[in-house]
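Notes follow the structure.
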Amino acid sequence: MRYSKLFGKTIKNAPNDEVSLNSKLLTRAGFIRREVSGVYNYLPLGLRVIEKISNIVREEMHAIGGQELLLSALQNKQSWEKTGRWKSFDVLFKLTSVLDREYPLGPTHEEVIIPLAKQFISSYKDLPFSVYQIQTKFRDEKRAKSGILRGREFLMKDLYSFHADEKDFKKYYETVKKAYKKIFKRLGLIAIETEASGGSFSKVSHEYQVIAAAGEDEIIYCPGGDFSANSEISPVKEGKQCDLGHGALKKVKAIEVGNIFPLGTKFSDAFGLTYKNKEGKDIPVVMGCYGIGISRLMGTIAEVHNDEKGIVWSKEVAPYDVHLVHLGGVEAAASPPSEVIRFADEVYETLKKNGVEVLWDDREESPGTKFADADLIGIPVRLVVSKRNGDKVEFKNRNSEKSELLSLGETAKKLR
């Protein structure tokens, strides 16, 4: 992609009313723009990151048997009345149509998936199975102030599993735990598995918390990795010595990037979701729910992986593999093109043919402006073509001060 043609450019300063670090960085770098409080537009750079995060999540959900579907965002009021959440779900958006019919705008999808699953479950032979989606959710948050960490409109992955009994559910629950650890590791995040209240569903659920100053949660955890609990429900206090001798427990702020919890038969009972066992008896289906905040993950990565110059994306989620810069200024407008421009174009086309995703800053700007924008955008590798470098390419990692001169062939090989 030629940067001169890219929709969405960097800006020097974020709007004054953007207070969170993630929204400031992502806005300045040209990834997002705010529509209204708690609602953001994702520009081409931002969408590429969202898609890469989503694809990592998809791969790991497919690996544990999840089938992807897409459920309706505009939902059935009667289903929410059946579960009692039409009145009790305090952040539910309620819409009234021109025909005076009321609809909830989906903050979650239990009220959609259970009636749908009921159409396909009749026997124990139909179980177990799991389905998931990556879809926009809507919640009427009163404190949408943390950029894309807490919004009124956001992208989420929600997986629902259906089981014949508690034993089978617990087995799958542990499988999902392992998958979540893989996901967050691939995203370059240290997400701590944390015990939390299961609310009205169960005694215990699990959250995945990333330590960050911008976090709205507080966790009590052992740096040795054997204990973590949400401080709101934990009787354990900061400073207590770890039972395994790892030292004192710590209290820190954290961002919740995912959660998993048992649903038991709460929703199955509400909708009469049962299956016939081998004896022909109707048995309630046992369920689990597993969420990951896709857009929140993007904001979390920006919050924890940055420096004074801008964002530092990992190669797995960066919008492009390399940021190509040529130094020549007004030479770009020369006819015929200068040697620098011709070589930059050769580098660009060669890398693309080798499967490398390239953002080429082909503008007539100063070296300082181009380098500053490259650092702000945060693509993992910067390549520089210049008259001084001749037929060599300067190769520099975003998180390193060192660079090296390579031939085009060596550059392509190293990127592969």
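No value in this document is a laboratory result; all are computed from the given coordinates. Keep in mind that this is a model prediction, so the values were computed, not measured. Reconstructed Cβ throughout: ideal geometry from the backbone, glycine too, with neighbour counts over all protein chains shown.
Test of understanding: given the chain, find the longest segment containing no chymotrypsin sites (Phe, Trp or Tyr not before Pro) that are in a DSSP loop and have at most 10 other Cβ atoms within 10 Å.
121-416
Return one number: the angle in degrees, 0 to 90 and rounded to the nearest 10, between the long axis of the Cα atoms of helix 294-304 and the longest principal axis of the Cα atoms of the chain.
Between helix and principal axis, roughly 50 degrees.
Give the lysines whose C-alpha is closer than 27 Å to that of K387, dropping any in the same chain fewer than 8 places away, or say none.
Once the sequence-local lysines are set aside, what remains near K387 is K5, K9, K309, K352, K353, K370, K396, K402, K413, K414.
How big is the charge dipole of the chain about its Cα centre, in debye rounded to the nearest 20, if each Lys and Arg gets +1 on its Cβ and each Asp and Glu gets -1 on its Cβ?
180 debye
In terms of modelled amide H atoms, which long-range or inter-chain residues lie less than 5 Å from the amide H of L95?
Excluding prolines and chain starts, which carry no amide H, the hits are Y103, L105.
Can you give the percent of C-alpha pairs in segment 119-191 whose distance is more than 15 Å?
Distances greater than 15 Å cover 70 percent of the Cα pairs.
Pulled fully out, how much extra length does the chain show between E59 and D90, if you take 0.36 nm times their separation in residues and subtract their Cα-Cα distance?
Working: separation 31, 0.36 × 31 = 11.16 nm, distance 3.35 nm.
Stretched out fully, the E59 to D90 stretch lengthens by 7.8 nm.
Would any residue of segment 97-138 have its amide N under 14 Å from a label point 7 Å out along Cα→Cβ of E81? List them or say none.
Within reach of a label on E81: 101-104.
Work out, step by step, the length gained on full extension between I11 and K237: first 0.36 nm times the residue separation, then minus their alpha carbon distance; give nm to one decimal.
Value of the extension gain: 76.9 nm.
At 0.36 nm per residue, minus the direct Cα-Cα distance, what do L244 and K145 gain on full extension? Give it in nm, one decimal, please. Walk me through the numbers on the way to the answer.
Numbers: separation 99, 0.36 × 99 = 35.64 nm, distance 3.91 nm.
Computed gain between L244 and K145 is 31.7 nm.
Expressed as a whole number of Å, what is the distance separating the alpha-carbon centroids of segment 114-185 and segment 29-81?
The distance from the Cα centre of segment 29-81 to that of segment 114-185 comes to 13 Å.
Which FRET efficiency value, to the nearest 0.05, is calculated for S37 and T369 with the Förster distance at 45 angstrom and r the Cβ-Cβ distance?
My answer for the efficiency is 0.90.
Between L405 and Q67, what is the spin-label point distance in nm, taking each point 7 Å from the Cα along the Cα→C-beta axis?
In this crude spin-label approximation the distance works out to 6.0 nm.
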